Amino acid sequence: MPLPDFQTYGELIYSLQANHPSIQRSTLAKLEGQLTFRRDVLLDVWELVDFDARRIRNYSYEIYRAGEKIAWYDPFEHPHLSELASTHPHHKHLPPDMKHHRVPAPGISFEQPNLPTLIEEIERDLLP
């Protein structure tokens, strides 16, 4: 049997415990995929979610325009960089020298969904 569409498959995954009382706990909570926007903008998303703790455990978000990475977010800790303290450990990498050019990432956290913030930023800054 082939995989159903995304919505149907999601409903299947999130109803497993209700439909199978023998399942005591489910940790099926890794989100991976891409959101494609107009103007050839793409958001690549990877999240590890812990629904028991009600938080995101880890993530990586990369933004591309016309196939070129233009920014990425990660929670890798850089305690020696005081300019990132306001959103520690969350930060954004930007050109030039994206590996070393890091700025605070307001609105990105482990305690709330980050996708609305990222989508709003893309719509505001890249799709005017």
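Tabulated results
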{"item": "Extension gain from His100 to Asp50, taking 0.36 nm per residue of separation minus the Cα-Cα distance", "result": "15.0 nm"}
{"item": "The chain, accessible area per residue, ligands and nucleic acids excluded (1.4 Å, Å²)", "result": "69"}
{"item": "With every protein chain in place, the range 1-63: carbon and sulfur % of accessible area (1.4 Å)", "result": "53"}
{"item": "Surface accessible to a 1.4 Å probe, Thr27 within the full protein complex, Å²", "result": "100"}
{"item": "Under-5 Å amide H pairs with Phe37, H placed in peptide plane, nonlocal only", "result": "Leu42, Leu43"}
{"item": "Signed unit charges on C-beta, dipole axis of the range 63-102, positive-most listed residue Pro89, Ala71, His100", "result": "Ala71"}
{"item": "5 angstrom amide H check on Asn58, placed H, neighbours 5+ away", "result": "Leu48"}
{"item": "Among Glu11, Glu83, Glu111, residue whose mean-square fluctuation peaks in a GNM of the chain (springs only between Cα atoms under 10 Å)", "result": "Glu11"}
{"item": "Mean separation of Cα contacts under 8 Å, 6 or more apart, over the residue count of the chain: relative contact order %", "result": "14"}
{"item": "Rounded percent of accessible protein surface that carbon and sulfur make up, the range 65-111, 1.4 Å probe", "result": "60"}
{"item": "For the range 80-128, size of Cβ-based charge dipole, Lys and Arg +1, Asp and Glu -1, in debye", "result": "160"}
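The values are calculated or read from the model by the stated rules, or taken from the named source; none is laboratory data. These numbers come from a predicted model, not from an experiment. Here Cβ is always computed from backbone atoms with ideal geometry, including for glycine, and neighbour counts include all displayed protein chains. Heavy atoms of the whole protein, side chains included, go into the accessibility calculation; ligands, DNA and RNA do not. Shrake-Rupley method; radii C 1.70, N 1.55, O 1.52, S 1.80 Å.
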